[in-house]
Each structure stands twice: as C-alpha cells, then as structure tokens.
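Worksheet: one structure, shown below.
The values are calculated or read from the model by the stated rules, or taken from the named source; none is laboratory data. Values in this document were obtained by computation on a predicted structure and should not be read as measured data. Every residue, glycine as well, gets a Cβ built from its backbone with ideal geometry; the counts of neighbours run over all protein chains shown. To get the accessible areas, we keep the full protein, side chains included, count just its heavy atoms, and leave off ligands, DNA and RNA. Shrake-Rupley method; radii C 1.70, N 1.55, O 1.52, S 1.80 Å.
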Amino acid sequence: MNKLETIKFWTEDRVAIIQLHRPEVLNALNRKMVDEIVETLEYIEQDEEVLVTVITGNERAFAAGADIDEMAEDTVVSMELLNQFAVWDRIALIKKPIICAVNGFALGGGFELVLNCDVIFASETAQFGFPEINLGVMPGAGGTQRLTKVMGKAKALEWLWLGEPMSAEEAYRYGVINRIVANEVLFEETMKFAHRLSKQAPLSIRLIKEAVNKAVDSPLVDGLQLERKNFYLLFGSEDQKEGMKAFIEKRKPDFQGK
Ligand code: CO8
C-alpha cells in the first residue's frame with residue numbers, strides 16, 4: 001500500500017483501525033483523504049487476517065465535513081469532470097463490517113461517512129449535522145438519502161433544512177447511532193465490540209450485512225429472496241457444519257471462515 005498522508009492505519013488482532021488524521025482542520029475530508037480511506041478499506045477487504053474495521057477521528061473531531069477550501073472555487077463543470085462520488089460508491093461494496101467511533105464533530109461529509117458505516121458508537125459530546133445549507137449547498141455524498149432512510153422524511157428535512165447540530169442524545173433517540181459511550185472510553189468500548197464481532201462466523205457476518213442492506217434499499221420481496229439465497233448458501237460452508245455440530249456436542253464452535 002502507498003504511504004498514507006491523511007489517515008493512520010494499524011491492526012489489532014483481527015480488527016483494523018483507520019484514524020482520520022488532519023487535526024489542524026478538524027479532519028476535514030479533502031479528496032486525498034477520501035481516496036486513502038477507500039483504498040485502505042479495499043486493502044482490508046483482501047486481508048484474510050482482518051474481519052472488522054473501526055474508523056475513528058480524534059477527541060475534537062471525527063470529521064468537520066468536506067474540505068471547504070478545496071471546493072470553494074469548484075464549478076458545475078469541474079465537479080462533473082471530477083466525479084468525486086464514484087470513490088464514495090466503492091464504500092458500499094465493502095463486505096466486511098465497518099464500525100465507527102465518533103468523538104466531537106461529525107458534520108457534512110463527515111456525517112455522510114458515519115452514515116456509510118454499519119455500527120456507530122459515539123461519545124457523549126459527539127455532534128452530528130448537515131450544515132451544508134449554511135454554505136449554500138447540500139449534502140452530496142448520500143446524506144439526504146441515508147438520513148431519511150434512518151429517521152423518516154419529516155425529521156430528516158428538519159435537520160437538513162435547519163443545518164443545526166444534533167447531539168449524541170438526539171442521534172441515539174432517532175436511531176442514527178447504536179450507543180453513547182463516555183468520552184474517555186469510547187475507543188476502548190468500540191474496540192471491545194469490534195473484537196467480539198471479529199470472533200463471530202465470518203461468512204455469516206458478510207452475508208447478514210448484505211441481506212440487511214438489501215432490506216434498506218429494496219422492496220421487501222427482493223430482500224426476502226436475497227436473504228433466503230444467502231441462508232441456503234451458508235449450508236455449503238464448513239462453518240455451518242462446525243457451528244451446528246458444536247451446538248449438539250455442547251462445546252464452543254471453532255469457525256474458520258470456510
Ligand atoms: N473545511 C476546511 N477547513 C475546516 C473545516 C472544513 N470543513 N472545518 C474546520 N476547518 C478548519 C478551520 O478553517 C480552522 O482552520 P484555521 O485554524 O486555519 O482557521 C480549523 O479547522 C479549526 O476550526 P475552527 O477554528 O472553525 O474551530 P471552531 O471550534 O471554532 O468551530 C466548527 C468548529 C463549528 C466545526 C467549524 O470549524 C465549522 O463550522 N466548520 C465547517 C463545518 C461545515 O460547514 N461542514 C460542511 C462542509 S460542506 C460538506 O461537507 C459537503 C459534503 C458533500 C461532499 C462530501 C465530499 C467529501
């Protein structure tokens with residue numbers, strides 16, 4: 001992998017950690033950073049030793065949005081030619097779980113990155129929001145779609161139109177995030193969950209993610225078909241044989257991801 005300039009990346013057992021690292025601008029997502037995040041997720045996807053990714057920022061910010069300096073002079077034509085959202089679309093193709101640990105600001109593109117994750121842990125002082133309207137623009141990396149699917153039309157419009165910050169408590173109440181954790185133990189608690197997830201049957205984890213995403217994105221009947229196909233598919237795995245045998249033999253299963 002190329003040398004990383006805007007993020008840090010390391011692994012702990014079967015969990016990979018991506019830390020956004022442009023602290024001087026509250027982790028504003030410039031294009032280089034989005035490229036590095038997506039390329040690292042794709043690298044992790046091919047690493048057989050790693051099963052779960054945690055994305056985090058620092059104490060002040062997860063990410064305070066797209067880098068405004070970088071896009072201030074953009075035009076319709078430069079945006080069209082840049083086609084920057086093609087790289088965002090690749091996040092949806094990642095089959096391994098992505099867990100997010102949010103401290104501080106998660107605004108604009110930063111909130112969109114959060115909404116692309118599968119499980120979201122936030123500290124008590126995390127702050128979410130779409131302030132794009134204050135810049136005369138709107139979310140472009142999926143924010144209007146993903147927020148609406150999570151909280152419904154009326155509530156999403158209110159947040160998107162007013163551009164106000166949403167506290168961790170509010171985000172929890174609307175079902176945007178999974179858990180609120182005390183600031184000082186956010187990373188530790190997120191890692192505990194990630195390690196626990198990394199011990200689950202790997203193939204089941206992937207196929208459950210695919211099926212749940214289908215439920216979000218498609219009519220129920222299509223989702224049910226995909227769920228059924230994935231359920232049958234698991235009966236071709238050694239882990240299904242091992243898992244059920246272990247249950248019958250009253251012992252812990254030893255899953256190999258095969
Ligand atoms: N872009 C560039 N620089 C930023 C950004 C940003 N989004 N956010 C903060 N910074 C910089 C500041 O300019 C400042 O730099 P300097 O020290 O050189 O002046 C430094 O980070 C620290 O910020 P502040 O001094 O402003 O810190 P405060 O604690 O006073 O305020 C805020 C924190 C409230 C978060 C404030 O910085 C702020 O309002 N930031 C902008 C938030 C915003 O509008 N985000 C949305 C951006 S638009 C967007 O995300 C569109 C997404 C669609 C495409 C996604 C593609 C990636």
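Quick look at the values:
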| quantity | calculated |
| --- | --- |
| Sparse-neighbourhood loop sites, trypsin sites (Lys or Arg not before Pro) in the stretch 1-48 - DSSP loop, at most 13 other Cβ within 10 angstrom | Lys3 |
| Bins of 5 Å, starting at 0 and running to the largest distance - Cα pair percent for the stretch 202-248 | 5, 23, 26, 19, 14, 9, 4, 1 |
| Selection of GluC sites (Glu not before Pro), the stretch 1-79, meeting DSSP coil and at most 16 other Cβ within 10 Å | Glu5, Glu48, Glu49, Glu59, Glu73 |
| With every protein chain in place, the chain: carbon and sulfur % of accessible area (1.4 Å) | 55 |
| In order through the stretch 102-110: 3J(HN,Hα) via Karplus (6.51 cos²θ - 1.76 cosθ + 1.60), integer Hz, x for Gly, Pro | 10, 10, x, 6, 10, 10, x, x, x |
| Inter-part distance where the stretch 126-141 and the stretch 194-258 are each reduced to a Cα centre, Å | 36 |
| Gain upon complete extension [Tyr43, Asn2; 0.36 nm per residue less C-alpha separation] | 13.7 nm |
| ³J(HN,Hα) computed for each position of the stretch 217-232 - Karplus, 6.51 cos²θ - 1.76 cosθ + 1.60, integer Hz, glycine/proline x | 9, 9, x, 3, 4, 5, x, 5, 5, 5, 4, 4, 4, 5, 4, 4 |
| Charge tally in the Cβ shell below 12 Å around Phe187, where Lys, Arg are +1 and Asp, Glu are -1, Phe187 excluded | -4 |
| The stretch 1-117 - share of DSSP beta bridges that are antiparallel (%, nearest 5) | 35 |
| Chain lengthening between Asn58 and Lys155 when straightened (0.36 nm per residue, less Cα-Cα) | 32.1 nm |
| Spatially proximal lysines relative to Lys8 (Cα-Cα < 18 Å; intrachain offsets below 8 disregarded) | Lys32 |
| All Cα pairs of the chain, percent lying beyond 30 Å | 30 |
| Net charge of Cβ neighbours under 10 Å - reference Ala122; Lys, Arg +1; Asp, Glu -1 | -1 |
| Fraction of antiparallel bridges per DSSP, the chain only, in percent to nearest 5 | 25 |
| For the stretch 151-216: rounded, prolate or oblate by the Cα gyration tensor [a/c cutoff 1.5] | oblate |
| Long-range amide H partners of Asn30 with built H, under 5 Å | Asp67 |
| Asp222 paired with Arg90, simple spin-label distance in nm, labels 7 Å along Cα-to-beta-carbon | 2.5 |
| In the stretch 164-258, the GluC sites (Glu not before Pro) that fall in loop regions by DSSP, at most 10 other Cβ within 10 Å | Glu249 |
| ³J(HN,Hα), Karplus 6.51/-1.76/1.60, whole Hz, each residue of the stretch 158-172, x for Gly, Pro | 4, 5, 6, 6, 7, x, 7, x, 9, 6, 4, 4, 5, 4, 5 |
| Too-long pairs where the Cα-Cα distance tops 25 Å, listed order kept, from Lys149/Lys199; Lys192/Lys245; Lys149/Lys209 | Lys149/Lys199; Lys192/Lys245 |
| Local net charge near Leu4, Cβ-Cβ under 11 Å (Lys/Arg +1, Asp/Glu -1) | -1 |
| Under 5 Å, built H, 5+ apart or other chain: amide partners of Ile18 | Val54, Ile55, Thr56 |
| Accessible surface, per residue, of the stretch 24-84 when the full set of protein chains is kept, probe 1.4 Å, Å² | 54 |
| Between helix 31-45 and the chain: long-axis angle, C-alpha atoms, 0 to 90°, nearest 10 | 0 |
| Residues whose placed amide H lies under 5 Å from that of Leu107, excluding near-sequence neighbours | Ala63, Ala64, Gly65 |
